[in-house]
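The block underneath contains the structure these notes are about, expressed in structure tokens.
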Amino acid sequence: MATVQPELIAVGSNRTAHALDCSGAEAAYAAGTLVALFRPHEARVHAVLRGHTARVNSVRFAQQGRLLVSGAADGTARVWARDGDAWRAGAVLGGHGAPV
């Protein structure tokens, strides 16, 4: 009998490209205007970051996973900071003349 193992966890997106970055046992990925944080060992999304007003194009962990930066078609980059097991919104970097 064949064994099936999940290799992709996705959120519906109407065929738009998604950004993904991993840090340790956590992955961040773009899902429309949201950033979802996924723990593969728990097989669940444990946090959803809201704040962008247009499609998120990029996500990147920094400082050993303590910070996360997301960029979107709304012309902003947002910095999110880990606060224990949660994430909190930090700086909003605007002024970009094009999607980030």
Go through the stretch 55-71 and give me each residue that's over 11 Å from the mean Cα position of the chain (by Cα) and either surrounded by 14 or more Cβ atoms within 10 Å (Cβ to Cβ) or not in a loop (DSSP other than H, G, I, E, B) (or both).
Arg55, Ala62, Gly65, Leu67
Taking the stretch 43-90, which residues are closer than 18 Å to Ser23 by Cα and either of a type in the set (Ser, Thr, Tyr) or in contact with a helix residue (DSSP H, G or I) (Cβ under 6 Å, 6 or more places away or on another chain) (or both)?
Ser58, Ser70
Open to solvent by 50 Å² or more (accessible area, probe 1.4 Å) and modelled with pLDDT of 90 or more: is that true of Ala89 in this structure?
yes
When the residues of the stretch 72-86 are narrowed to those that are closer than 15 Å to Glu26 by Cα and part of a loop (DSSP other than H, G, I, E, B), which ends up least open to solvent (accessible area, probe 1.4 Å)?
Gly84
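The values are calculated or read from the model by the stated rules, or taken from the named source; none is laboratory data. Values in this document were obtained by computation on a predicted structure and should not be read as measured data. A quick note on method: Cβ atoms are made from the backbone with ideal geometry, for glycine too, and the neighbour counts reach across all protein chains shown. To get the accessible areas, we keep the full protein, side chains included, count just its heavy atoms, and leave off ligands, DNA and RNA. Shrake-Rupley method; radii C 1.70, N 1.55, O 1.52, S 1.80 Å.
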